[in-house]
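**Q** Shown below is the structure under consideration.
The values are calculated or read from the model by the stated rules, or taken from the named source; none is laboratory data. Just so you know, these numbers come straight off a predicted model, no measurement behind them. Note: ideal-geometry Cβ built from the backbone for every residue, glycine included; neighbour counts use all protein chains shown. The accessibility values were calculated without ligands, DNA or RNA, using every heavy atom of the protein model including side chains. Shrake-Rupley method; radii C 1.70, N 1.55, O 1.52, S 1.80 Å.
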Amino acid sequence: MKILFNSLLSLFAVVYTLFYMSLNDLTTNDGALSKTGLTHPFLFFIWGALIYCALYLNIFALAKSFYKITNFHIILAVSSLIGMAFTLFFKFDYSLKFQYFMHCAGSLIFSVCTGTEVFITYLYGFKKNTINAVLTIIIALLLIADLILLIIFKQNALIEAVPVIFALIAMPATLAYNTLKKRNKEFANASR
């Protein structure tokens with residue numbers, strides 16, 4: 001039941017993210033998710049809260065399935081929550097320099113903590129099966145590529161959202177796969 005809930009929440013978060021991205025230009029700096037939030041603050045708040053909840057419910061469920069919820073997970077989740085709160089409550093308006101700085105700092109904290117946590121969680125499950133190992137490598141490459149693209153092109157909705165959308169699809173799929181594999185193994189052991 002948890003897997004179904006996480007999957008539906010993730011699906012809703014992906015659909016909402018795609019909707020939210022469509023409110024502005026995907027490929028320019030003017031289309032950055034935070035800039036869209038200046039003209040649609042309520043939708044931005046919903047997006048941020050939804051993304052945080054969907055990502056972290058999946059991260060903790062996945063970590064639990066790998067038998068590894070650590071203090072590191074808790075520290076990163078709380079840090080990320082503080083970062084998301086800064087992102088949502090402070091405006092991305094350069095004329096309000098303090099708010100702009102706090103917004104950017106919050107966004108950076110959220111992104112770094114969440115990206116690190118997704119990668120570390122998959123790293124815990126790296127040796128469990130080939131799917132986890134492949135996804136761990138893909139996530140590492142995706143985070144590195146995203147960082148390079150952010151440095152080159154600055155922020156835009158496409159660069160900002162791709163890692164989030166990938167994580168929202170990969171984590172529930174991994175949970176479902178690992179649960180199914182575990183149940184099949186238990187069934188095979190029981191029938192012996």
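**Q** Cα centroids of segment 54-70 and segment 80-154: how far apart, whole angstrom?
**A** Using only Cα atoms to place each centre, the spacing works out to 17 Å.
**Q** Beyond 22 Å, how much of the Cα-Cα pair distribution for segment 53-182 remains, as a whole percent?
**A** Distances greater than 22 Å cover 39 percent of the Cα pairs.
**Q** Tell me the carbon and sulfur percent of the accessible area for the chain, rounded to whole percent, probe radius 1.4 Å.
**A** Of the solvent-accessible surface of the chain, carbon and sulfur hold 75 percent.
**Q** How tilted is helix 2-21 with respect to the longest principal axis of the chain? Cα atoms for both, answer in degrees (0 to 90, nearest 10).
**A** 30 degrees
**Q** What are the chymotrypsin sites (Phe, Trp or Tyr not before Pro) within segment 38-89 that DSSP puts in a loop, where the Cβ has at most 11 other Cβ atoms within 10 Å?
**A** Passing both the DSSP loop test and the Cβ count: Tyr67.
**Q** While we're looking at this one, here's another question. With all protein chains present, calculate the accessible area of Leu147 using a 1.4 Å probe and round the result to the nearest 10 Å².
**A** Rounded to the nearest 10, the figure is 100 Å².
**Q** In straight Cα distance, which lysines are under 22 Å from Lys68, not counting same-chain residues fewer than 8 positions off?
**A** Lys2, Lys127, Lys128, Lys181, Lys182, Lys185
**Q** Could you give me the ³J(HN,Hα) list for segment 158-171, computed from phi with Karplus coefficients 6.51, -1.76, 1.60 and θ = phi - 60°, whole Hz, x at Gly and Pro?
**A** So the Karplus estimates, Gly and Pro as x, are 5, 5, 5, 8, 4, x, 5, 5, 4, 5, 5, 8, 5, 5 Hz.
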